[in-house]
Structure formats: C-alpha cells, structure tokens
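Trainee: Quick one: the structure is below, and I'll ask about it shortly.
Every read-out reported here was derived from the displayed coordinates using simple, explicitly stated rules and does not represent laboratory data. The structure presented is a predicted model; accordingly, all values stated were derived computationally and were not measured. Here the Cβ positions follow ideal geometry from the backbone for every residue, glycine too, while neighbour counts run over all protein chains shown.
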Amino acid sequence: MQPREFLRRLPGAVQAKLPVDLAGCSSGFGFSLVQLWYGNRALHYEAWLRHRQDVIEIGLHFEADPLTNMRLLAAFRARERVVRKGLGDGTHIEEWDRGWTRLWEPVSLGTLDGALLEHLASRLARYITTCEPLLREELPADVPWELRPLRAPSRTPRGRTRSSASTTRTLARSPRSARPRERP
C-alpha cells in the first residue's frame, strides 16, 4: 500500500476501535503523518512515517505554546505509572523540538499493509483511551478546548458503527479546571 493511502485509512481504523464516547475525533494529514485530536489541534495523537529511521512514531504530541506543553508534560510525568500501566514500558515521555513535548513509541516500519495498519490502529486507540481522560483532567483552564458535537452511532449495512445524527453532551468540569468545558 502506498504511504498516503495507508495514512488515509488509519483514522477510520483507529476510530473503529474506540469506545463511543471517544469516537468523535478530528483528523488531518501531512506529507508523512496523520494527526487525530479532540478539543485542540495542537494537542494531538500522531502517526509519523520516518522512512530514513525505518520506524513509525506514534503517540500524543503537545505542540501548543511552550508553557502549556511543559505543564502537560509535568502532569503526565506525575501520572507516569498510569500511563505505563495503559501503554507499557516502551513509551517515552519527553521534551522534544521547538518547545514541544510528547509521549511516544517507535514501531518498526515494515511493509505498509493491512496487518501493520491494524497494529497501529490498535496502539493509537490504546493511546487515546489511556491518555485522553488524563489530558482532559490535567488540561490547564487557560488552554483553548472546543469539542465538536458527538454523533450518535449508527450501523452500516455490514454492521459496523459509523457516526450519524449529531448530539452534544456536557460533562461536569474537572476540579482542576476554573471553567466548564464541552466534553463527550
């Protein structure tokens, strides 16, 4: 499979593995990467094909302003036991480039086929189910966060779930938050 096609298929494969309350993420593409996010595109999950290194990097990236990135990095380091319990010991939690920070792991590039797509979709879904609740809990109140309306699941002719009718839910705000936020 060509890299562009592989990356275009990944968001759907990830969303098919997510629980209904996390299935409404947005996605975007770059030359060699795909990003999935919820309330702020600068705080996103990513799969990045790095052909020269022969790996695909997957993880959660904090690419907002340096202060926000460092606050979130500190929060995730403080919750490292929870992160490692959910993702395993191969997850790196670190500062990165341009004031960005990230939680990530390398996956051997291999052949871009259905088996690799399935593996990456499972790992990214695991990142989302492990990290997204922590991110929403730890998100500083001054960081922009706007969720698009959730869509109620419907069934395709093959019995797979897809999004359809729009609904919006608001959850109680986190004790750490100074303002309420839209949350699924």
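Trainee: What is the distance, in nm, between label points placed 7 Å from the Cα along the Cα-to-Cβ direction at Ala74 and at Ala16?
Mentor: 4.2 nm
Trainee: Moving on. Return Ile93, Ile56 ranked ascending by Cβ neighbour count within 10 Å, so the fewest neighbours appear first.
Mentor: Ile93, Ile56
Trainee: Using the Karplus curve 6.51 cos²θ - 1.76 cosθ + 1.60 with θ = phi - 60°, what ³J(HN,Hα) values do you get for each residue of the range 128-144, in whole Hz, with x for Gly and Pro?
Mentor: Taking θ as phi minus 60°, the curve returns 5, 5, 7, 8, 4, x, 5, 4, 5, 6, 8, 4, x, 4, 8, 8, x Hz for the range 128-144.
Trainee: On full extension of the chain, what length is gained from Ser122 through Met1, given 0.36 nm per residue of separation minus the C-alpha to C-alpha distance? Intermediate values should be presented prior to the final figure.
Mentor: On the way: separation 121, 0.36 × 121 = 43.56 nm, distance 1.86 nm.
That works out to 41.7 nm of additional length.
Trainee: Ranking Leu120, Leu33 by Cβ neighbours within 10 Å, fewest first, what do you get?
Mentor: Least crowded to most crowded, the residues run Leu33, Leu120.
Trainee: Counting other C-beta atoms within 10 Å, which of Thr91, Thr130 has the fewest, and how do the rest follow?
Mentor: Least to most surrounded, the residues fall as Thr130, Thr91.
Trainee: Taking 0.36 nm per intervening residue step and subtracting the Cα-Cα distance, what contour gain separates Phe29 from Gln53 on full extension? If you can, show how the numbers build up before the last one.
Mentor: Details: separation 24, 0.36 × 24 = 8.64 nm, distance 2.01 nm.
Extra length from Phe29 to Gln53 when fully extended: 6.6 nm.
Trainee: Could you tell me the calculated FRET efficiency between Arg98 and Arg148, based on Cβ-Cβ distance and R0 = 35 angstrom, to the nearest 0.05?
Mentor: Once rounded, the FRET efficiency stands at 0.80.
Trainee: Ok, one more. Compute the relative contact order of the range 3-148 as a whole-number percentage, counting only Cα pairs closer than 8 Å that sit 6 or more residues apart in sequence. Don't jump to the answer; show the numbers that get you there.
Mentor: Working: 231 pairs, mean separation 40.3, N = 146.
After rounding, I find 28 percent.
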